[in-house]
């Protein structure tokens, strides 16, 4: 049978008995009281160092949702472009390009527009209802104005937003967010910006 001899220190043997054997094996040097004290001191230093880091600010989970005006003011908005006027059998067809650059989808949008003739007189009011506009998407819609001559339209005014649906949106917020543009031969302006583009 193999015998594991113990290492004696002075008159006293230091070690432990292995299972199934009668001998002793020495404690590792790290088991001495001096080594154990050093290890505990190092651990305490690590804990102090870890706890001395900068505090992390937490965002309250119950922060209030932004107001519709804030959403409109902090986003590129909704671009409504008068792209083309086309003469059709029924009258004049107006093509608009809607682009939603808002951080939320626009589920519904209704615009009150006013047509002016070439002499600056009001010709008629129109109600333009846009289809839902997902976030970051562009949609083209055409509206036929019956008994109207394209050549007789001098400009188009975006007079008001009568309805606007979407998360955190209402009619007033969408009115502030709308950016009218014109690629046609006549200007398309808004009541909030009389000079237009």
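Here, each number is a calculation from the coordinates, and none is a lab measurement. Everything numeric here is computed off the predicted structure, so don't read it as measured data. Ideal geometry is used to build each Cβ from the backbone, glycine not excepted, and the neighbour counts take in all protein chains shown.
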Checklist (1) free of Cβ contacts under 8 Å to residues at least 60 places away in the same chain; (2) surrounded by 14 or more Cβ atoms within 10 Å (Cβ to Cβ) applied to residue 109, failing item: (1)
Where a residue in the range 133-146 is touching a residue at least 12 places away in the same chain (Cβ under 8 Å) and its partner, wherever it lies, is assigned to a loop (DSSP other than H, G, I, E, B) and surrounded by 13 or more Cβ atoms within 10 Å (Cβ to Cβ), with Cβ under 6 Å and at least six apart: 134/105; 135/105
Qualifying positions in the range 73-121 - under 15 Å from residue 190 (Cβ atoms) and part of a loop (DSSP other than H, G, I, E, B): 77
Residue match in the range 165-172 (condition: under 16 Å from residue 190 (Cα atoms) and not in a strand (DSSP E or B)): yes
